[in-house]
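Read-outs: derived from the displayed coordinates by stated rules, not from any lab. Model, not experiment: these values are computed from the prediction. In this analysis, Cβ positions are derived from the backbone assuming ideal geometry, glycine residues included, and neighbour counts consider all displayed protein chains.
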Amino acid sequence: MRHTPEDGFPYYFDLVKNMDCKPLFSSLSTFTFLNSIKEEKASYRYAPNKWSIKQIVGHITDHEKIMIFRAFLMSRNEVVQLWGYDQTSLVNNSRFEELSFQELRTDFLNVRKASISFVETLSESQLKTRGMAQQYEITLENFLKSIVGHELHHINIIKERYF
């Protein structure tokens, strides 16, 4: 079955399913790409009412913050009903457009470093812990992979529609 972005978790997982979890978080390819984007291009929108590159990077960062917290709970066998979040509201109520692109890249890199620190402490048995993502029962490892899959989805959109 071919998943679409509207499917959420399974689509993002499909983008990275054959890759190992820990190296995914350590890859610098996204940061190398983002560092190649000039400040003046970062506010560009390819169509009215679409997010700017700055907003996309802020959204990727917000998403990772939220999902790593959820992964932390899963790794500790906390059984809680996790609430959803409204990505549009988070972006609309952010300061992404006021911040420099450098500040947004730095924030993303800092969040990634914290994510790497967490992921590297996980044991093989913790990575096999099972939990729920939407209506899917998944392992923690696959949940973590979907975080990077989400990032890759948005980086692909930037490459395809903004340049």
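Which whole number in µm²/s is D for the range 110-156 by Stokes-Einstein, with the Kirkwood Rh taken over Cα pairs at 4 °C and 1.567 mPa s?
Reported coefficient: 111 µm²/s.
Computed over the chain, the per-residue total of -39500 (n - 2.57) for DSSP H runs of n ≥ 4 gives a 222 nm mean residue ellipticity of -18500 deg cm²/dmol, rounded to 500. Along the charge dipole of the chain, Cβ charges K/R +1 and D/E -1, which of Leu122, Met132, Ile157 sits furthest on the positive end? Most positive-ward Cα: Ile157.
Roughly how many debye, to the nearest 20, is the charge dipole of the range 82-162 about its Cα centre, given +1 on each Lys and Arg Cβ, -1 on each Asp and Glu Cβ, and no other charges?
So the magnitude is around 160 debye.
Each Lys and Arg contributes +1 and each Asp and Glu -1, all at the Cβ; summed about the Cα centre of the range 96-139, the dipole is approximately 260 debye.
For Kirkwood radius over Cα pairs in Å, the value calculated from this model appears in (1) 16.4; (2) 19.4; (3) 15.4 under label (1).
Classify the range 44-125 as rounded, prolate or oblate from the Cα gyration tensor: take a ≥ b ≥ c as the square roots of its eigenvalues, call it rounded if a/c is under 1.5, otherwise prolate when a/b beats b/c and oblate if not.
Because a/c hits 1.5 or more and a/b fails to exceed b/c, the range 44-125 counts as oblate.
The longest stretch of the chain left intact once loop-based trypsin sites (Lys or Arg not before Pro) with at most 16 other Cβ atoms within 10 Å are removed from consideration, loops following DSSP, is 129-163.
If you count Lys pairs in the chain whose Cα atoms are under 22 Å apart, skipping same-chain pairs closer than 8 places in sequence, the total is 25. Grouping the Cα pair distances of the range 1-68 into 10 Å bins from zero gives a pair-distance distribution of 16, 39, 37, 7, 0 percent in increasing distance order. This model, with +1 at the C-beta of Lys and Arg and -1 at the C-beta of Asp and Glu, gives the chain a dipole about its Cα centre of some 220 debye. Each of Leu144, Thr106, Val80 was placed along the dipole of the range 75-163 (beta-carbon charges, centred on the mean Cα), and the one lying farthest toward the positive end is Leu144. In loop segments of the range 54-163 as defined by DSSP, the GluC sites (Glu not before Pro) with at most 14 further C-beta atoms inside 10 Å of their C-beta are Glu78, Glu97, Glu98.
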